[in-house]
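Data block below; observations after.
The values are calculated or read from the model by the stated rules, or taken from the named source; none is laboratory data. Because the structure is predicted, anything quoted here is derived from the model rather than measured. All Cβ positions, even for glycine, are placed from backbone atoms using ideal geometry, and neighbour counts span all protein chains on display. Side chains included, ligands, DNA and RNA excluded: accessible areas come from the protein's heavy atoms. Shrake-Rupley method; radii C 1.70, N 1.55, O 1.52, S 1.80 Å.
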Amino acid sequence: MMRRTVTLRKSLHALIAAPLLMAAWPAVVPAHAEEAPFISVVTGLAPDDLLNVRAKPSAIGKTEARLAAGASVRNLGCNDIDGHPWCKVESDNPKATGWAPARYLVPVNPATVPDQAADAEATEAGATSDAPDLTARLGDATEPASPETMPKSAAEIAMQDAYGLALAANGTLQIPCARYVGQPMASCAASVTRKGTDKADVTVTWPDGGSRVISFDAGLPASSDAGSNFRFTREGNLNMIRIGVSERFEIVDTVVLGD
């Protein structure tokens, strides 16, 4: 009788202790720390330049934000778009999400953006790789060319639309421009004087008066009538020109070379 009582008492103790151990179990299992976000730093910009964060991985995509050298962003992954690596990033100041060229980010996230989003954005970028989004840049909207006047080639259609969007209602050529530090791109009237097949002078007139002459040689920006430092970069067939510390211009090849 005594042995049976002891055995029963041990069994009761075990049954009581089991739920207590189960309740304590999560507390003794180490929690997995959340994976830290991949942080990249903006670098490699020209003096006083800013990095454009664009809505799609393309030099002609809408600018969502502009970041200074040294700014840190969350790098969500990088994809190769038409031979150029682009990274999808998130910034807090200003608050924005978009794409930036990988060459201006250190380090580069080795991960890739999910194919579904990347393919859709890459397809859109590729479809208009020769046609800058001048509607967004200039704030103008024009009706597309009528079907009977459209070229047969899709690339020619895109180029014709881009060139048409650069023309205001009065037929004056317009290009994206900025004159002062921190000023967003605006619309400037322009005229072109061609000097052969690959040389031209583009005269840009500021909305508040004055003008700037930009000379092209061999189809590329070469100089200006200003005494300030002249430099440019190319994204596709878009020339992104900087003069001095503040002047910025974006001129597509078609404006310089013609149709």
Any residue that is over 19 Å from Lys195 (Cα atoms), part of a strand (DSSP E or B) and open to solvent by 50 Å² or more (accessible area, probe 1.4 Å) - is there at least one of those in the range 233-248? yes
Flagged in the range 176-233 as at pLDDT 90 or above, within 21 Å of Gly258 (Cβ to Cβ) and among the β-branched types (Val, Ile, Thr), in numbering order, are Val192, Thr193, Val202, Thr203, Val204, Thr205, Val213, Ile214
Could you name every one of the strands (runs of 3 or more DSSP E) located completely within the range 178-232 that has at least 3 residues being open to solvent by 30 Å² or more (accessible area, probe 1.4 Å) and touching a helix residue (DSSP H, G or I) at 6+ places or on another chain (Cβ under 9 Å)? 186-194
Restricting to the range 81-93, what's the tally of residues that are free of Cβ contacts under 8 Å to residues at least 40 places away in the same chain, closer than 15 Å to Val41 by Cα and out of contact with any Pro (no Cβ under 7 Å at 6 or more places or on another chain)? 5
I'm told Ala23 meets every condition in (1) assigned to a helix (DSSP H, G or I); (2) modelled with pLDDT of 50 or more except one. Can you identify the failing condition by its number? (2)
